[in-house]
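Written below as structure tokens is the structure these notes are about.
Throughout, read-outs are computed from the coordinates displayed, never taken from laboratory work. Only a predicted model underlies this, so the values are computations on that prediction, with no experimental measurement involved. Note that we place each Cβ from the backbone using ideal geometry, even for glycine, and neighbour counts take in every protein chain shown.
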Amino acid sequence: MQWLEGEGGPVQRVAETVQTLLAPGQRARLSPFVEATQLHILFGEVPDDRRRAESIRAILGTERAEQTLTEIAGRWEQFQQHGKPFSKADTYQGTFLRSYLAYYTTSNVPKLQIVLTELLRTGALPSPSWQEGTLKVLDIGVGPGTTALAVLDFLLAWHSCCLLWSQPFPLTSVELVGIDRSPEALAFAQTVTQSFGDQVVRWVTTRDAMLAGNDSERTSWAGRGWAEQICRAAANARWETVDLTRSADLIRAQELARWANVIVASYVLRELRDARSEDNLSTVLAAAQPGTLVLLLESGAESDARGLMRWRRRFLRTHPEFRTVLPCGQEFGPQLPQCCDSCWPSRREGLHQTALYRAFVDRCPTLHEPEGSDRYDDFENELLSWTYLVLERTTTPVPRKPLPAVELKHGAEVTLTSRSIGRYHGRTPIAPDPNHDPLARRSPGDASVDAHEYLKLCPAYTGISDLTFERE
């Protein structure tokens with residue numbers, strides 16, 4: 001199960017190719033499988049791959065599509081006007097699930113895939129401690145099936161890139177279990193996941209038809225076996241009603257945590273916090289077996305990001321057998337400094353907007369931006385904004401590796417190592433800019449303000465906490 005390692009070696013080549021495939025030009029892009037799944041679920045049609053763009057426009061131009069888009073956009077507007085009540089028990093049902101599939105799934109699938117790609121790059125996926133080639137994924141809080149789409153689609157891309165570089169693929173099968181408190185969300189997620197499998201079957205069938213008469217090439221196609229495994233995983237995924245706000249359901253959740261070797265909790269922590277059940281997630285995750293990877297994703301909003309960081313510090317303090325894998329704080333082991341509680345390590349990336357996504361946004365007035373805004377710019381947008389955390393359950397408590405004290409003398413040049421955990425523009429930095437005159441009056445559109453790009457670094461050395469980077 002150990003993948004070949006080495007900087008610039010097979011692991012890096014495969015990971016870089018996966019990244020290029022999923023985010024060409026540094027803009028995340030939905031795969032044809034995910035896009036076809038969305039269209040099939042929402043409108044009952046799939047695009048013709050021979051003329052894909054034209055076919056998608058035709059689907060979105062039908063009367064049925066227009067009615068559906070108006071309905072799901074209206075439901076999202078209602079959701080927005082009520083303050084986005086994600087935590088309410090009755091949110092994930094009815095039309096909202098379809099609104100979520102059209103809008104949030106388009107951005108949330110790439111977020112999880114970017115994190116999975118980072119795990120590939122660092123050699124953490126698959127975990128060296130796994131004793132078998134089966135990936136067992138537990139999805140906590142399924143929504144419309146976003147995690148299942150992201151994982152299965154990522155596994156297809158990963159396998160293809162291994163074939164491209166003539167590298168052995170380290171997995172033999174995949175199993176999925178999704179839990180949620182909403183039976184309607186579970187049923188919807190099952191339908192979405194099965195539709196994804198159907199799109200893969202359609203792809204395999206089309207490929208076979210193209211190779212008709214060339215039996216040797218058709219039967220020797222190396223990607224067929226894994227594509228069939230993905231289809232089986234989509235068809236056989238299990239969906240269980242488990243409510244983490246109920247103590248009685250925690251036993252079953254712990255059983256599933258012990259079964260899994262990858263646990264994904266995407267946009268769950270805030271909902272549990274609102275229900276005063278945040279510690280229940282800790283109880284479930286603590287049951288994970290050694291080698292299990294835990295992926296937690298939250299929005300990039302300041303409150304959600306800091307909430308995730310506070311949760312991590314408490315969790316690691318009481319469960320030192322877990323270690324941080326991504327994105328930051330590995331140096332501190334289980335004893336994270338208090339300043340981590342106030343950290344805002346959000347990440348932003350660009351998104352290639354699908355025709356469905358644009359059609360949805362166009363029908364939602366609250367999503368519209370003033371003229372001149374680059375929010376939806378094809379090349380400059382940063383529509384992906386999120387915070388994430390990856391932990392791994394180890395066999396023994398992780399020792400803390402204290403950072404060495406660095407004595408800084410006036411005028412001295414010292415080389416220190418820090419990790420970039422984000423950047424932002426046009427806002428007041430945590431540390432003051434020594435070149436900025438606070439008394440100077442500048443308009444919001446002044447290029448001298450907008451051109452500043454601030455970097456967030458971890459670990460932060462207190463002796464240089466006033467350091468600000470400015471791009472020339």
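Per-structure values
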{"quantity": "Summed side-chain charge close to residue 71 - residues other than residue 71 whose Cβ falls under 13 Å, Lys, Arg +1, Asp, Glu -1", "calculated": "+1"}
{"quantity": "Relative contact order (%) - the range 1-98, alpha-carbon pairs under 8 angstrom, separation at least six", "calculated": "13 percent"}
{"quantity": "Net charge, residue 189 excluded, C-beta distance under 12 Å - Lys, Arg +1, Asp, Glu -1", "calculated": "-3"}
{"quantity": "For residue 325, distant residues with modelled amide H under 5 Å away", "calculated": "390, 391, 392"}
{"quantity": "Long-range amide H partners of residue 299 with built H, under 5 Å", "calculated": "387"}
{"quantity": "Charge-dipole axis of the range 10-393 as Lys and Arg at +1 and Asp and Glu at -1 on Cβ define it, positive-most pick from 126, 230, 70", "calculated": "126"}
{"quantity": "Stokes-Einstein translational diffusion, the range 10-393 - Kirkwood Rh over all Cα pairs, 1.306 mPa s, 10 °C, in µm²/s", "calculated": "74 µm²/s"}
{"quantity": "Unit charges on C-beta of K, R, D, E only; dipole of the range 5-134, Debye", "calculated": "220 debye"}
